[in-house]
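First comes the structure, then the notes that go with it.
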Amino acid sequence: MAYQIDENVCIGCGSCVGICPVFAIESKDNKYAINSDVCVSCGACEPTCPVNAISQK
């Protein structure tokens, strides 16, 4: 199952972007979104989010 970023919680800090090994995290309206077609569900991004906006679908 792919991960997702809750756009209502995301603060747009970008801490998740550099940690993604497959570059699945994209900028979207000054916040971020995970491309589920690219995400390999490794979970590396989840602990980097300071506001817990990332979770598994």
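Just so you know, all these numbers are worked out from the coordinates, no wet-lab data involved. Only a predicted model underlies this, so the values are computations on that prediction, with no experimental measurement involved. Positions of Cβ are backbone-derived with ideal geometry, glycine not excepted, and every protein chain shown enters the neighbour counts.
Tabulated data for the structure shown
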read-out: Length gained when the stretch ASP6-SER36 is fully extended (0.36 nm per residue, less Cα-Cα span); value: 9.5 nm
read-out: Paired Rg and Dmax values of the stretch 3-56, which use every Cα atom, in angstrom; value: 9.5, 25
read-out: Cysteines (scope the chain) whose Cβ has no counterpart Cys Cβ under 4.7 Å; value: CYS10, CYS13, CYS20, CYS39, CYS42, CYS49
read-out: Spin-label model distance (nm) - CYS13 vs GLU46, 7 Å beyond Cα toward Cβ; value: 1.8
read-out: Note, ³J(HN,Hα) from phi for the stretch 14-24, Karplus 6.51, -1.76, 1.60, rounded to Hz, x at Gly and Pro; value: x, 4, 7, 4, x, 8, 6, x, 10, 6, 8
